[in-house]
Amino acid sequence: MTRALPSPPGSAMDALSYRFRPGPLRRPVLVLAFAGWNDAAEAATNAARFLQTAWDGQPLATLDPEEFYHFGLNRPRVRFVPGTTEREIVWPDTEFALCRREGLSRDVVIGVGIEPHLRWKAFCRAILAMAGELRIGLVVTLGALLAEVPHTRPVRLTGFATDPELAAVLGVRPTRYEGPTGIVGVLASSARAAGLATGSLWANVPHYISSVENPHATLALVQRLSRLLDTPVDCRELEEAARQFDTQLAEVLAQNRKVATYVRKLEAKDAGTCWRDKARRSRVRGAPRRLAAESEQPSVPRAIVQQRAPLAIEDVHASPLVSSYAASLYPARSLLGLPLVHHDAVLGAVLIWISMAASGSSSPITPLISSVE
């Protein structure tokens, strides 16, 4: 491992302690989850920890809790050191793990902690400073909220993304929420302001069973992140936990007619919501392409189709036609787009992402991927 330069005295990085300094990472992604207000039924933190274990995460760094927590509100714990009679103090800190498991399409840094009580801006600066040092290209925050949804329906996921491409991959319903927010919302806003591609994914948890862990919500977050990173995850453990959860809950509802009646009302309400959502999507699909084009952001394929000509972009990170999420997908510097023509009609564009070869190589460029859009 190559060692990075020490952080300047007094910088946001002072609160961060590295276990080791990693070398160059492969298009790294930062995934964050915090216990507390943002973590109904512990779905978000359980999802982050599950992925950390599944992807063989190695302890990477820790944020010093001294500046960010009120220890009278969230007390440290004492425990025995495994295999000894000595005791140690466990502080409510934020820990980061690096996942570089073979089979992962990208390296993933997973941060799990407790929502801080103090100095949220400094807390965000410390995390974003680490993201800059590690050259993180994408930040995904996880959360879970209490909602009037039935446990008998698939978990509803909401959230937002800075780019249309990222929103499409996450498959989230945009939220119109306005009101108090937690550290997840503040971090996502800070990352977006720093120019990082940012997405936030929230699981809707039935409010009437919020006092117990919800494996269905955890599973939904894990599966959606797996899709985002294009990396399969063995979820059999979570699926079995979800089956046991359903069995135990069915036994409870069988003995509580009032709650069972309330669940049926939520099911009827949810059916109406699903019908309206399907109708809305149908109207969007049936709308004229002209209306859709007016609302879409500029992009390379759209520019090629409109100009009916090839397009070369020397620096994808500086072009307004390339979103920050698209630029984070490939370790590419430049982009060549060619129109896809059939019988004088431009059907789309072929994109060739190009990275500069290493110094001294006989080949000046290396094509990485081509796609039709």
remark   = Only unsatisfied item for R87, checking (1) farther than 22 Å from G143 by Cα; (2) touching a Phe, Trp or Tyr at 6+ places or on another chain (Cβ under 7 Å); (3) in contact (Cβ under 8 Å) with a residue 24 or more places away in the chain, is (3)
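Counting residues that are modelled with pLDDT under 50 and charged (D, E, K, R), which strands (runs of 3 or more DSSP E) fully inside segment 316-373 reach at least 2?
Working: elements: 334-342, 345-356, 365-372.
Ranges flagged: none.
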Residue check, G83 surrounded by fewer than 16 Cβ atoms within 10 Å (Cβ to Cβ) and on the phi > 0 side of the Ramachandran plot = yes
task = Kindly indicate the residue of segment 19-41 that is among the charged types (D, E, K, R) and under 16 Å from the mean Cα position of the chain (by Cα) and also surrounded by the most Cβ atoms within 10 Å (Cβ to Cβ) among those meeting that condition.
result = D39
Segment 178-208 - residue that is surrounded by fewer than 22 Cβ atoms within 10 Å (Cβ to Cβ) and in contact with a Gly (Cβ under 9 Å, 6 or more places away or on another chain) and, of those, farthest from A220 (Cα to Cα) = A194
request  = Return a yes/no flag: does segment 211-227 have any residue that is out of contact with any helix residue (DSSP H, G or I) (no Cβ under 7 Å at 6 or more places or on another chain) and of a type in the set (D, E).
outcome  = no
key: Extreme residue, surrounded by the most Cβ atoms within 10 Å (Cβ to Cβ), among residues of segment 229-275 that are of a type in the set (A, V, I, L, M) and assigned to a loop (DSSP other than H, G, I, E, B)   = L229
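The values are calculated or read from the model by the stated rules, or taken from the named source; none is laboratory data. Remember, predicted model here, so these are calculated numbers, not experimental data. Every residue, glycine among them, receives a Cβ derived from its backbone with ideal geometry; neighbour counts consider all protein chains shown.
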